[in-house]
Amino acid sequence: MTARSHDEYRDNIGAYVLGALPELENELLERHLAGCESCRAEVDELKPVTAAMARSVPQVEPPPSLKSNLMEIVNAEAAARAQTVPAAPARRERRSFGSWVSGLQPRMAAAMALAVLALGVVVGIGVDRLAGDNGTQSRTVAAKIDRKQMPSGNAELALKGNDGTLKLTGAPQPPAGRVYQLWYQHGKTIERGSTFRPHGDGSYDASVPVDGANAVMVTVERSGGAPAPTGPPVMQFSV
């Protein structure tokens, strides 16, 4: 196997991990990978990146006009490049990812560009959802739960601006004569909050004012609540 053929296989690794290689070229590269340790290492390095991209955003259907518009741009640029082809270099050099994409055939370049644009669309949608309708940042914080006090159930705090919504699922009932009580930590000061008991199925939703709080905590207290926490938190949210 010559050095030149090895470089050609290596240049196709980017398209391979993105699933953009034609079937025959894909099969040939996989045969090469079986006997080439350096190319296998490069594939292993790139695969986690592409996997993370796929998991990082929700999947959405691109607009019907996206493909046709993109193909017009790709074909126009391909025709322009064909009229000004530079002389072949005396020695092959390893190309950057950007130069590799620009050298693809129009059909393959279009597939790559569509993938990138689709990612941009879903990232944009994710940002819109994060920002909310009025531009206020929204996020959800999972609870840090003391499983000795609360062996089952989960809790999360949905935050938007100065408002929060506490959501419990599958939470056990506190002992007889006891309730859960909310607390708000502002630096070194702890402010008393309301008391509650979950519904029969362990669920509970409540509005939680988090204005300026560093943390929201829940403890188990006597019925009617306590003026200050009497035990460690059952759950805690860092806000």
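So for the stretch 215-229 (the condition being part of a helix (DSSP H, G or I) and among the charged types (D, E, K, R)), does at least one residue qualify? Give the derivation first.
Kept after step one, since they are part of a helix (DSSP H, G or I), are these residues of the stretch 215-229: none.
For the stretch 215-229, residues part of a helix (DSSP H, G or I) and among the charged types (D, E, K, R): absent.
Could you check how many residues of the stretch 17-45 are open to solvent by less than 60 Å² (accessible area, probe 1.4 Å) and either modelled with pLDDT of 85 or more or aliphatic (A, V, I, L, M) (or both)?
Of the stretch 17-45, the ones open to solvent by less than 60 Å² (accessible area, probe 1.4 Å) are 17, 20-22, 26, 29, 32-33, 36, 39, 41-43.
Those still in the list that are either modelled with pLDDT of 85 or more or aliphatic (A, V, I, L, M) (or both) too: 17, 20-21, 29, 32-33, 36, 39, 41-43.
Going through the stretch 17-45 one residue at a time, the tally reaches 11.
Could you grab me the full set of residues in the stretch 157-188 that are surrounded by fewer than 18 Cβ atoms within 10 Å (Cβ to Cβ) and farther than 25 Å from SER223 by Cβ?
Of everything in the stretch 157-188, those that are surrounded by fewer than 18 Cβ atoms within 10 Å (Cβ to Cβ) and farther than 25 Å from SER223 by Cβ turn out to be ALA158, LYS160, GLY161, ASN162, ASP163, HIS186, GLY187, LYS188.
Could you give every pair whose Cβ atoms fall below 7 Å, whose first residue belongs to the stretch 174-186 and is in contact (Cβ under 8 Å) with a residue 60 or more places away in the chain, and whose second residue is open to solvent by less than 10 Å² (accessible area, probe 1.4 Å) and of a type in the set (Gly, Ala, Ser), counting only separations of at least 6 or pairs across chains?
none
What are the pairs with Cβ atoms under 6 angstrom where one residue, in the stretch 142-158, is under 14 Å from GLY170 (Cα atoms) and the other, located anywhere, is of a type in the set (S, T, N, Q) and modelled with pLDDT of 95 or more? Sequence gap at least six, or different chains.
ASN154/THR169
For SER203, which of the numbered conditions (1) more than 21 Å from THR140 (Cα to Cα); (2) open to solvent by 10 Å² or more (accessible area, probe 1.4 Å); (3) not charged (D, E, K, R) fails to hold?
So the condition that SER203 fails would be (1).
Can you tell me which of ALA155, ALA118 is within 31 Å of the chain's Cα centre (by Cα) and modelled with pLDDT of 95 or more? Give the derivation first.
Details: ALA118 fails: modelled with pLDDT of 95 or more.
Answer to the selection: ALA155.
The values are calculated or read from the model by the stated rules, or taken from the named source; none is laboratory data. On a predicted model such as this, the values are computed, not experimentally measured, just so you know. Glycine gets a Cβ as well: all are built from the backbone with ideal geometry, and neighbour counts include every protein chain shown. Keep in mind that these areas ignore ligands, DNA and RNA; they rest on the heavy atoms of the full protein, side chains included. Shrake-Rupley method; radii C 1.70, N 1.55, O 1.52, S 1.80 Å.
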